[in-house]
């Protein structure tokens, strides 16, 4: 299975033929020139990690395998118990590798409700929910245990052209009635990852600087391969001067987007469109 990750197109609407193309160019120009950046994803912007109270808390404990033996090198995460599958909602508040004796300490983190997850190559991921922290609380003696069994998901993270993306964080979000059951793994220098999980359906996604966040649903009773390809993200901030100059020189001005005013103002587009008939285009 392979997923190409990118921005989801906005819901399409119907407009006067050919006018839409000119409107799209002009709306894009207005967005770039007036705001200096692409429109934000409202759903993602609305999601936030638990706010800092100024009195950060921490969680300490030991992670063990199914036989009760402490596990060294497990990737332990404190995951805010919030709903959603966007980059912010699936981001861990803290990540740490367990040390000698399987001991770990997560913090400082804001007060709030957390789930704990742990992953380790060859072991089915551990999960513990309902860890509620008061401001400044130091929660100790927490026990995490890897269950027996599990399924192995493996794959490769690459850009759209197939070039590997090294050291990318891969997240497995379980489809369940729980909150905070997000499991983490790091891709290696060749973009390859492997994670053992309790049997379930998962949303497999990847987070890499400079690339769009997203993923694919993975179902099945056993081991499976899930390859991910990431799309380049639109950089925030003002567009390069060369882009602004090109749009100003090539944008086709229109008198109005309303029907019933003729098509004379769209005549310059004939060279680009030719004999094609534009019936509808999505939002720009």
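Looking across segment 236-249 at every residue that is touching a residue at least 60 places away in the same chain (Cβ under 8 Å) and surrounded by 10 or more Cβ atoms within 10 Å (Cβ to Cβ), the one that is farthest from residue 206 (Cα to Cα) is identified as 248.
Test of understanding: among 144, 133, which residue is touching a residue at least 40 places away in the same chain (Cβ under 8 Å), over 23 Å from residue 67 (Cβ atoms) and crowded, with 19+ Cβ neighbours inside 10 Å? Unique residue meeting the criteria: 133. When the residues of segment 125-140 are filtered to those that are in a strand (DSSP E or B) and within 11 Å of residue 56 (Cβ to Cβ), the one that is nearest to the chain's Cα centre (by Cα) is 133. Among the residues of segment 68-89, the ones that are on the phi < 0 side of the Ramachandran plot and modelled with pLDDT under 95 come to 7 in all.
Of the residues examined, residue 262 is one that is out of contact with any strand residue (DSSP E or B) (no Cβ under 7 Å at 6 or more places or on another chain) and over 30 Å from residue 125 (Cα atoms).
Give the residue, chosen from 215, 222, that is touching a residue at least 24 places away in the same chain (Cβ under 8 Å), within 30 Å of residue 153 (Cα to Cα) and loosely packed, with under 10 Cβ neighbours inside 10 Å. Give the derivation first.
Values: 215 fails: loosely packed, with under 10 Cβ neighbours inside 10 Å.
Only one candidate passes the filter, namely 222.
The values are calculated or read from the model by the stated rules, or taken from the named source; none is laboratory data. Note that this is a predicted model, so its numbers are computed, not measured. Positions of Cβ are backbone-derived with ideal geometry, glycine not excepted, and every protein chain shown enters the neighbour counts.
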